[in-house]
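> Have a look at this one.
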Amino acid sequence: MAGVSRLQYTTDIKLIRVMCSGRVDLEFILRAFSNGMDGVFIGGCRLNECNYVTHGNYDALNMVLLCRKIMEHIGLNPERLRIEFMTSGEGLLLTEVINDFGKKVEALGPLGKDDDIDGDELKSKLEEVRKLVPYIKIVKREKLASRLENEEEYDGLFTREEIDELFRDVVSYYIDPDKCTACGICFRQCPVDAIEGAKKQIHVIDQGKCIKCGTCLEVCPPRFSAVKEISGEPVPPPIPEEKRTIIKKSEKRAVGNA
């Protein structure tokens, strides 16, 4: 259960209405803040009382706990994000909780004000994190699948040091020009079209578009092993476009014998 509401305070709060709170993705929350929302509230069914066998409310809880730590990392007050669990029949409780959250967000003021962070800087940081959402979900998939039974466990699921390390050690992917055969598999499988290439042309990853999902590494045939995972060091510059044409050994010999 999740709802949509606009509160009549000096700030606006928007919520996302979906069938299940478990469908509220990390990207949705970051996008809301990136679009200038001062607060985000998620309402879900009570834990262990999910209407679906998926128990997506646990997924929503873990995602919120992760997002709050990410917000701390980039300098955004985590109190701007809240999740509560209740039944669809608890309308009075929903009103009480949303009013309480609205007053808290109103006290915090417009996004970035109490966080002491410039609007352009905050938007830039949020955009950078949004690009890494697929990577973050892969790296933290085990914890995101946890089922916490006690609220005492919430704060310890993700630590500040853990999140700092997550962003410090972000991996990048690079195609070794000496091993690329232009088979086109990674080019076709990349979900965001971040790989440039053509027939008989060495493929290159556009680091600005890459979302660090690792798909290229997974699909690159082992006999080539052209895709490399890089962490803790800069990615080599892309090979110049005029040098990307692949010339087979037989073609080289034919040229040499001519």
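> For region 162-196, which positions are assigned to a strand (DSSP E or B) and in contact (Cβ under 8 Å) with a residue 40 or more places away in the chain?
Residues satisfying the conditions are Ser172, Tyr173, Tyr174, Ile175.
> Among the residues of region 198-229, write down those that are modelled with pLDDT of 95 or more, within 12 Å of Tyr173 (Cβ to Cβ) and among the aliphatic types (A, V, I, L, M).
Within region 198-229, Val204, Ile205, Leu217, Val219, Ala226, Val227 qualify.
> Moving on to the next point. Mind checking which residues of region 197-207 are under 17 Å from Pro236 (Cβ atoms) and either in contact (Cβ under 8 Å) with a residue 40 or more places away in the chain or touching a helix residue (DSSP H, G or I) at 6+ places or on another chain (Cβ under 6 Å) (or both)? Quick ask: steps written out before the conclusion?
Of all residues in region 197-207, those under 17 Å from Pro236 (Cβ atoms) come to 197, 202-207.
Matches in region 197-207: Gly197, Ile202, His203, Val204.
> Hey, among Asn57, Asn48, which residue is without any contact (Cβ under 8 Å) to a residue 40 or more places away in the chain and surrounded by 23 or more Cβ atoms within 10 Å (Cβ to Cβ)? Give the steps one after another, and end with the answer.
Details: Asn48 fails: surrounded by 23 or more Cβ atoms within 10 Å (Cβ to Cβ).
Being without any contact (Cβ under 8 Å) to a residue 40 or more places away in the chain and surrounded by 23 or more Cβ atoms within 10 Å (Cβ to Cβ) holds for just one of Asn57, Asn48, which is Asn57.
> List every residue pair whose Cβ atoms lie under 6 Å apart, where the two residues are 6 or more positions apart in sequence or sit on different chains, the first residue falls within region 141-156 and is under 18 Å from Phe85 (Cβ atoms), and the second residue, located anywhere, is among the hydrophobic types (A, V, I, L, M, F, W, C) and assigned to a helix (DSSP H, G or I).
Partner pairs satisfying both residue conditions: Tyr154/Leu65.
> Are any residues in region 148-178 surrounded by 14 or more Cβ atoms within 10 Å (Cβ to Cβ) and basic (Lys, Arg), and if so, which ones?
Passing the criteria: none in range.
> Moving on. Quick check on Lys103: is it within 27 Å of Phe167 (Cβ to Cβ) and either in contact (Cβ under 8 Å) with a residue 60 or more places away in the chain or assigned to a helix (DSSP H, G or I) (or both)? Write out each step before concluding.
Values: within 27 Å of Phe167 (Cβ to Cβ): no; either in contact (Cβ under 8 Å) with a residue 60 or more places away in the chain or assigned to a helix (DSSP H, G or I) (or both): yes.
Taking the combined requirement at face value, the residue does not satisfy it.
> Exactly one condition in (1) part of a loop (DSSP other than H, G, I, E, B); (2) closer than 20 Å to Lys143 by Cα; (3) of a type outside the set (Asp, Glu) is false for Ser88; which is it?
(2)
The values are calculated or read from the model by the stated rules, or taken from the named source; none is laboratory data. Just so it is clear, the structure is predicted and the values come from calculations on it, not from any experiment. All Cβ positions, even for glycine, are placed from backbone atoms using ideal geometry, and neighbour counts span all protein chains on display.
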